[in-house]
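This report concerns only the one structure given below.
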């Protein structure tokens, strides 16, 4: 859990003659960047990401050198800092490069800011910081690393409990800075800016989750241009935007265009993050957005309560096996976004996805409404002909033929019934269903509809399957047939 600004945000110690400050919260890291650096000082930043901290350093320092390796972040970093002439962006991997490799000539720094990811291995992070500080002859280092911070807090607590007050180790030298004021006060005569209440509030405002929530709220109903600007701002917020974005993606009442924009943002942020909040996976569209981000970076989903489904989604996005059970769940979902995801797979991989879905609905005894939606979705697959769909469905011909009555696309429904009529196990039922459908469309008399219903049942259709399929139909001209299926004829047929 992220600590508040007031809750001992920084721990300090000396190592190899250098002052080292360690923080966990990104808010504390950015507050230090905004308030500890003097206007005459040079700062190097390792792991600049998209530039949120870099922009704060640029306002405070004489010169900033921002080092970042990820191409997609470098582009945003340059946009974030292009108005600051004092910032130099270096495309390099801080883990393997050195200042000598990054820029020619002698380099020096008054401050070294290091953020290789809050949950990066702590000792690897410190080794990188030490190597760069040595090359830059830098005496002050600020590191953001959650595990290192927690380890130092544990050491400090242990030292306090045992009453240590001296010695040669680092334990006696650990101290915390509750308001981040001590360092600024010590260097006030050098032009260091004290963290005034206005600055504290500004940093909280720029990085806090409430800002992300407001931006996401506007994203839900914004125009195309507004969404473009909002997604750029949310991208800069990074992980702080994930939870409100997940809530928008899961909101079935929100406009689809806003939900899809939110899903795209989640995928982008997850691709560059090592932490996936559980809130992201509370809905199937949220899981899909996470899967796209992981697949784009070739990453594994890891372990979670929904790891099995997330693993299947990642595999599908990477071009692996298509799971018919997952597709069937998507197309039957009441959420329009889930159905959109399924249709996307069916369009992207028509043969594999269509066959997997058809085999699933033929194998499983899905409800008539769910089966009708699956059959409807199969109509979007180019190359998946009605004959192939019927073949993939297997031996469940009569039951699936009844479900065709719930398909909205009348042309596709007619083609499916014609394909079922070519199979021995469903021929008579399919022919009787087509006659019933045609009579209902031209609003035939009640007596004819009753006769058509009776013929479908006589051909071998289950009365229950037939009634459910009729009830699932979206067509108004099937309402009279639905009424008949619940009346005298239905009672007689099921007696």
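A short reminder: the numbers here are calculations on the coordinates, not readings from a lab. Note that the structure is predicted; figures quoted are calculated from it, not measured. Every residue, glycine as well, gets a Cβ built from its backbone with ideal geometry; the counts of neighbours run over all protein chains shown.
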**Complete:** Given a Förster distance of 22 Å, the FRET efficiency implied by the Cβ-Cβ spacing of residue 134 and residue 86, rounded to the nearest 0.05, works out to 0.35
**Item:** R0 of 30 Å, Cβ-Cβ distance residue 119-residue 340: FRET efficiency to nearest 0.05
**Value:** 0.35
**Relative packing of 23-32, 460-469, which averages over residues the other C-beta atoms within 10 Å, highest first** = 23-32, 460-469
**Message:** Run the simple label-point estimate for residue 147 and residue 425 please: 7 Å along Cα→C-beta, distance reported in nm.
**Reply:** 5.5
**Fill in**
Of 285-291, 241-247, 72-78, ordering from highest average Cβ density within 10 Å down gives 285-291, 241-247, 72-78
**Asked** To the nearest 0.05, how large is the calculated FRET efficiency for residue 96 and residue 454 if R₀ is 51 Å and r is the Cβ-Cβ distance?
**Response** 0.05
**Asked** Label-point separation (nm) for residue 349 and residue 226, each offset 7 Å from Cα along Cα-to-Cβ?
**Response** 3.8
**Request:** Order the peptides 399-407, 441-449 from the highest to the lowest mean number of other Cβ atoms within 10 Å of their residues.
**Result:** 399-407, 441-449
